[in-house]
Amino acid sequence: MSYDSFAEKKLLNECISGNKAAWDAFVERYTNLVYHTINKTLRIYNYDLLYDDIEDIHNSVFLSLIDNDYRKLRQYKGIDNCSVSSWIMVITTNFTINYITRRKIHVSLDDQDTDNEKPMIENVPDDRASPLKHLTDKERLGILQELVSGLQTNDRLFLKYYYDDELSPEEIATIMNITTSAVYSKKSRIIEKLRNIAKERRILQEI
């Protein structure tokens, strides 16, 4: 373990022990990294946010670390030589993507097309192959929206990474803190869940 990694881990442990001075030092040490990661993620997704929104994400990241008696900080294990800095970057990336996703969902579901008064989600093209690729675009979007609503948040986020954002398995593995092979397994499990939900709701006889 390098000196920097040792110092990071020591500071993290001091925070968990309830040392307020250590927490203040922790925030000061990583605040610029969090801001940098937020802005980098926004550039990658070509998405603009106001300063207040960026500040909101920044504060949410640090609040999440101390919530429930530092539960998230306690989860850090440094597996595969992952530094505290890298771990915080992953957490911040997830928070930023979740924030963008919530904003997009709000716009897609609530806003109306002023010309035909249809929800904007019906007008969003979906060119990437999916379990429902044999349907028309409009049918696929409507059915997918209903099916995906029955999935857990983590699974919905995975589908967004894979189909909407078209991230590579390696990128998804990094963001979700899983192995690349687990990405493929997770994809298969989610598709199977969608099939089961479809059958339960009698949306389709077969997907």
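Read-outs: derived from the displayed coordinates by stated rules, not from any lab. Since this is a predicted model, take the numbers as computed values, not measurements. We place every Cβ from the backbone using ideal geometry, glycine too, and count neighbours over all the protein chains shown.
Short version: ³J(HN,Hα) in whole Hz for each residue of segment 88-100, in order, from phi by Karplus 6.51 cos²θ - 1.76 cosθ + 1.60 (θ = phi - 60°), x for Gly and Pro, what are they?
Along segment 88-100, the couplings run 5, 4, 5, 4, 5, 4, 4, 4, 5, 5, 4, 5, 4 Hz.
Classify segment 45-101 from the C-alpha gyration tensor, please: rounded if a/c falls under 1.5, else prolate or oblate depending on whether a/b exceeds b/c.
Oblate, since a/c reaches 1.5 and b/c is not below a/b.
Hey, rough spin-label estimate for PHE6 and LYS72, points 7 angstrom out along Cα→Cβ, what's it come to in nanometres?
For the pair PHE6/LYS72, the computed spacing is 2.9 nm.
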